[in-house]
1. What is the residue count in the range 42-58 for residues that are farther than 19 Å from Gly24 by Cα and either within 12 Å of the chain's Cα centre (by Cα) or exposed (fewer than 13 other Cβ atoms within 10 Å of the Cβ) (or both)?
2. Would you check if Pro77 is outside any strand (DSSP E or B) and within 14 Å of ligand 1 (Cβ to nearest atom)?
3. Have a look at Gly39, Gly56, Gly8 and point out the one that is within 12 Å of ligand 2 (Cβ to nearest atom) and over 22 Å from Leu142 (Cα atoms).
4. Got a number for residues in the range 99-119 being of a type in the set (Gly, Ala, Ser), surrounded by fewer than 22 Cβ atoms within 10 Å (Cβ to Cβ) and not in a loop (DSSP other than H, G, I, E, B)?
5. Would you point out which residue out of Ala13, Ala20, Ala26, Ala63 is aliphatic (A, V, I, L, M), assigned to a strand (DSSP E or B) and more than 14 Å from Tyr97 (Cα to Cα)?
6. Here is a list of conditions, (1) more than 26 Å from Met1 (Cβ to Cβ); (2) outside any strand (DSSP E or B); (3) at pLDDT 95 or above, and Gly68 meets all of them except one; can you say which number that is?
7. If you check every pair at least six apart or on different chains, which have Cβ atoms under 8 Å apart with a residue in the range 19-37 that is farther than 9 Å from Val47 by Cα first and a residue that is within 16 Å of ligand 1 (Cβ to nearest atom) second?
8. Would you tally the residues in the range 73-129 being modelled with pLDDT of 95 or more, polar (S, T, N, Q) and more than 15 Å from ligand 2 (Cβ to nearest atom)?
Amino acid sequence: MQIPLSGGCFCGALRYTLSAQPYGQANCHCRACQHATGGAFAGVVLVPTEALELKGEYTEYTAPGDSGHPVSRGFCPRCGTTVFAHTARIESMRPVYASTLDQPEQFAPSLDAWVDFAQPWVLMDPALAKYPRDLPAECAGLPAPKNRKRRGQE
Ligand SMILES: [Zn+2]
Ligand SMILES: [Zn+2]
């Protein structure tokens, strides 16, 4: 991606810049992202926490994610656009919702996550790696576990 990237909510009151390359780019099919964005799934740019600079007010709504851990989603209190998320157990990374980028065409997902929760009316790109549940650790800036197996690679 071309860094720095900028983006924000629909009304422009909540803005952000991304100052480093993301750890990854993914389509998230979890139910919480479906609800929070009103979409079938959410494109998320997985950015190092320190590289995300927010400007403007936001409200956070916290609920258990499909992982069972609390996940907060930051949204503009004026227009309601969900802009980013924050998983309590992963402090190293913040998912930023790709549709809020000023240049959303820069988004290029490499995988689908939480596909166990994907809607049957969603057509996924078969070329992208599929994760039944959570994202791989590298996408959160964490070391990859050894001997990991991925669906379709066994
Ligand atoms: Zn707004
Ligand atoms: Zn999600």
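1. Looking only at that region, the number is 2.
2. Yes, satisfied.
3. Exactly one residue qualifies, and that residue is Gly39.
4. Residues meeting the conditions: 1.
5. Ala63
6. Result: Gly68 fails condition (3) only.
7. Ala32/Arg73; Ala36/Tyr61; Ala36/Arg73; Ala36/Phe75; Ala36/Thr82; Thr37/Thr82; Thr37/Tyr97; Thr37/Ser99
8. The qualifying residues number 4.
The values are calculated or read from the model by the stated rules, or taken from the named source; none is laboratory data. Note that the structure is a prediction, hence the values are computed from the model and not measured. Every residue, glycine among them, receives a Cβ derived from its backbone with ideal geometry; neighbour counts consider all protein chains shown.
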